[in-house]
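Report on one structure; see the data block that follows.
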Amino acid sequence: MADRSLTKEDVIDEESEGLAPQEVELALKNVSTLFGGGPPSTTSAGRPGSYRQPLSSGTGPRGTGGRTRVDSSARPPEFYRPDNKNKKKADDPVDYRNFSVHGISEPLLRQRLESKAVSQDTVDRVKSDFAPHDHLSTEQIATLEEKVKAAHKLHVTKDDKGAEVIYQEVLDADPVHYECLTNLAKIAYARSEYGRAKELFERAIVVKPHFDKTVYHLAVVLHDMKDFERSQNLFNEVVQGFTGETDGRAEKCDTHTYHNAVAMLGLIHQQVHGDHEKAGILYNTVLTKNPDHVLTLDHKCSLLVWKDDREEAAKLHKRVCSLDPNHTKKVCPYLDSLFPQNSELFHPIVNLPDRLDKCSSDFERGAKKKSWKNHPWRSLKKKIRRMAGSES
């Protein structure tokens, strides 16, 4: 038998291993119908020209009714699309399910994040703090509440140190206890520990984001930390919540806190932005409703000093002191306006440890001098040592 070269039809017949050409063509037409692309082209012999190598599915003998596997190139892009049905959205870095279980409003928490009242790190911290809270039994929670009541009595009687110990003990057992977070923050603020007060107020806001008054307290701390942009945003948030300019999901603060927030906004416009006209409008907004609002009157005194009406400012400040006898123990913008930062009375403040370190280094340098080594007191000290040594 003479050798001959294999033609294209021979290769297809050999690879098909017994499949009839009509079966192959029908299978390809079915694939085209399922995945699109139109019917396959055929050659003059009636065989599909684009067909190359049918592959067995491995579940049955080839050519005896076994299925042929569809090549991956025939699958549409939707076939490889991952299933994200049970995954959280890519643009949502927070899983709020754990917060919703504990009664925390998801929309309000999102709002606090957007207004920068809290940071993402704080939200993650509080989320992990719920783990020890969930493991507390009913009896343990009742015991902690009794301790909080005892601490509150000490706090009311100005025993901050005793109250702090109990509050911290409860907070160690239940890191999401709202009263402990806020009261410890107030104690820290009274001690000028602004960093700790800021952290505790932020955690309290995550636990109960619907309390606008906690947002106000945080804004005051940020103002004293010179973070004026963020504090102004939070003061505005408190004011808008009280006047009903927000969606109303939050629990608005009381009238006194609202007036305080407006007065603080006026102070920021006055001292930071230099917008004294806006500050005056805000002060008058409060004094129209409450002519004896101490904080607003004090801020207005500083505004009168800037307008060079010092006599009127002094009279108004006397009225402030009569309304609040403890006013002299508090921060007073009026007194600050009398002594601006560029005054010659002010000088750089050097911390006591730094001063002691500097004095110690000066002393060491002086002790190395020859005059110090020959000092009479030094020679007397040597004599006493020699005498003590001879006696011993």
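Just a few scattered comments:
- Relative contact order for the stretch 213-292, counting Cα pairs under 8 Å that sit 6 or more residues apart, in percent: 24 percent
- The stretch 115-188 - accessible surface per residue (Å², probe 1.4 Å): 54 Å²
- Long-range HN-HN contacts of Glu251 with modeled amide H, under 5 Å: Phe211, Asp212
- Violating pairs (Cα-Cα greater than 31 angstrom) within the set Lys158/Lys278; Lys198/Lys278; Lys161/Lys329; Lys208/Lys315; Lys161/Lys315; Lys147/Lys318: Lys158/Lys278; Lys208/Lys315; Lys161/Lys315; Lys147/Lys318
- Apolar share of the accessible surface for the stretch 139-250: 51 percent from carbon plus sulfur atoms, 1.4 Å probe.
- Surface analysis of the stretch 217-329 yields an accessible area of 51 Å² per residue, using protein heavy atoms and a 1.4 Å probe.
The values are calculated or read from the model by the stated rules, or taken from the named source; none is laboratory data. Bear in mind that the values here come from a model prediction, so they are computed numbers and not experimental data. We work out accessible area using only protein heavy atoms, side chains counted, and drop any ligands, DNA or RNA first. Shrake-Rupley method; radii C 1.70, N 1.55, O 1.52, S 1.80 Å.
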